[in-house]
1. Please give the contour-minus-distance gain from Tyr151 to Leu181: 0.36 nm per residue of separation, less the Cα-Cα distance, rounded to one decimal in nm.
2. Taking H as built 1.01 Å from N, whose amide H comes closer than 5 Å to the amide H of Thr76, not counting residues under 5 places away?
3. Ordered by packing density, taken as the mean number of other Cβ atoms within 10 Å over each peptide's residues, highest first, how do 200-206, 52-58 rank?
4. To test your reading of the geometry: what angle, between 0 and 90 degrees and rounded to tens, separates the Cα axis of helix 26-59 from the longest principal axis of the chain?
5. Rounding to the nearest 10 and keeping the result within 0 to 90°, find how far the Cα-based axis of helix 184-216 lies from the longest principal axis of the chain.
6. Under the Karplus relation 6.51 cos²θ - 1.76 cosθ + 1.60, θ = phi - 60°, what is the ordered set of whole-Hz ³J(HN,Hα) values for the range 104-121, x standing for Gly and Pro?
7. Once both labels are modelled 7 Å past Cα along the beta-carbon direction, what's the Ala192-Ser62 spacing in nm?
8. Compute the acute angle (0 to 90°) between the alpha-carbon long axis of helix 77-96 and the principal axis of greatest extent of the alpha-carbon atoms of the chain; round to the nearest 10°.
Amino acid sequence: MANWQDPQGTRGTTGGVTAATVGVPRAARDVGLRSYMLSVYNYMASGVLLTGIIAMLFANSSLINLIVNPATGAATPLFWVALFAPLGIVFALSFGINRISAGTAQMLFWLYAALVGVQFSSLFLVYTGVSIAQTFFAVAAAFLGLSLYGYTTKRDLSGMGTFLIMGVVGIFVAMLVNLFLKSPAMNLAISAIGVLLFAGLTAYDTQKIKSVYFAVAGHGEAMAKSAVMGALQLYLDFINMFLFLLRFMGDRR
């Protein structure tokens, strides 16, 4: 997503360690990596928490009327702003990350999470609060396991990246098609496949973020910005896995 150098292409005979870390004791590299990954997870967790707080704040107050017309049930202009503005933020981060400061990147990430929270408040009008909570905790448990696998596995997951990304594109095309077909069976299949794709991307992205560390280690500003981008990738994996699983197992009102 970000315009960072692919660390896969910088590996040599030093066992996956780039020139930036050559001569650095392994213990120091491990401590630096753990600190970097902790920063990524802290950003990601803060984004998920912000999304949840704003979603519940809107859903459990009169603020919900700002995104859904209480008389007609139709979406208001604010809902469409909250729906499409995050796309602009993702593009701004992805293509402009090298031109903005780490502080600006952090603010854009939290703004993105806040706007998604506004979107997600409408889920409480469709699904029961219990099923939303159950789905969230199921996804949280799965995410932790999958991300831990991506972090610890010795297997190179880079080969599955292209397949998974193509699968995601295919899923969203299928969703557009099903807007017209309105097939319950196709909707069920899309939801199940979507959960599997973003589960795979969680492990893949975690390993990729871990590899990025060796490309930016020792460069403070680059490390800070890559941590934000890594958090955004994991955040997107989490919320998409949540949405597809909610479609699959959520109890509608």
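No lab work stands behind these numbers, since they all come straight from the coordinates. In this text the structure is predicted, and so the values were computed from the model without any measurement. Here the Cβ is made from the backbone with ideal geometry for all residues, glycine too, and neighbour counts use every protein chain on show.
1. Details: separation 30, 0.36 × 30 = 10.80 nm, distance 4.02 nm.
Length gained between Tyr151 and Leu181: 6.8 nm.
2. Val68, Asn69
3. The packing order, highest mean first, is 200-206, 52-58.
4. Roughly 10 degrees between the two axes.
5. 30
6. 5, 4, 5, 5, 5, 4, 5, 5, 4, 4, 5, 5, 5, x, 4, 4, 5, 4
7. 4.6
8. On a 0 to 90 degree scale, this one is about 10.
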